[in-house]
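Worksheet: the structure to be examined is printed underneath.
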Amino acid sequence: MNSIVFNSIYETSMRIVLLLFTLDNPLSLEEIFVFDFITTYGKEFYLTDISLNGDSEFTLSKATLRRKRVVESILYLVRNGYIYPIVLKRETKYKITEKGNDLYKKISQTEYSKKYILTVKLGKRELFNKKENVLDLILERINNDE
């Protein structure tokens, strides 16, 4: 693991554990990527007043790198027993394990984690249940900027 936590596989892995525990449903790679991206940049999606990972005029351009980091983090989490893959209707989704639940308990009390969890719950209510294709959430935002 990299000694720098910010923007690392470790940081992304912790957020994925928070996300999967909070939503309590198996999620596909694309759902994890989109929900995590929207949660950390909630202001860009008119969900929150501030973005948990800061504001930038280049936020939407970070999506490609973020998706790559999510893929790496999912592999790390599966390899280490924090989440496991399940195949549902020809789609792989990921669910948190008991070991992942234990990690959640250890990391969920930080101030950042509490804000992340609150934003996930807000996103679930306001955005996540409204689209058939979750990537539409990001694509609509990009198209609104043009």
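The values are calculated or read from the model by the stated rules, or taken from the named source; none is laboratory data. Since we're looking at a predicted model, the values are computed, not measured. Here Cβ is always computed from backbone atoms with ideal geometry, including for glycine, and neighbour counts include all displayed protein chains.
Could you check the stretch 29-51 and list, in sequence order, the residues that are assigned to a loop (DSSP other than H, G, I, E, B) and charged (D, E, K, R)? It would help to see each step written out before you state the result.
Residues of the stretch 29-51 assigned to a loop (DSSP other than H, G, I, E, B): 41, 46-51.
Within the stretch 29-51, just D49 meets the criteria.
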Pick from the stretch 95-111, criterion farther than 11 Å from L19 by Cα and among the hydroxyl-bearing types (S, T, Y), ranking: modelled with the lowest pLDDT: T110
Single condition S56 does not satisfy, out of (1) modelled with pLDDT under 90; (2) under 15 Å from the mean Cα position of the chain (by Cα); (3) surrounded by 11 or more Cβ atoms within 10 Å (Cβ to Cβ): (2)
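Mind checking which residues of the stretch 73-85 are surrounded by fewer than 16 Cβ atoms within 10 Å (Cβ to Cβ) and either of a type in the set (G, A, S) or modelled with pLDDT under 95 (or both)? Full working, then the answer.
First, the residues of the stretch 73-85 that are surrounded by fewer than 16 Cβ atoms within 10 Å (Cβ to Cβ): 75, 78-81, 84-85.
G81, the sole residue that qualifies.
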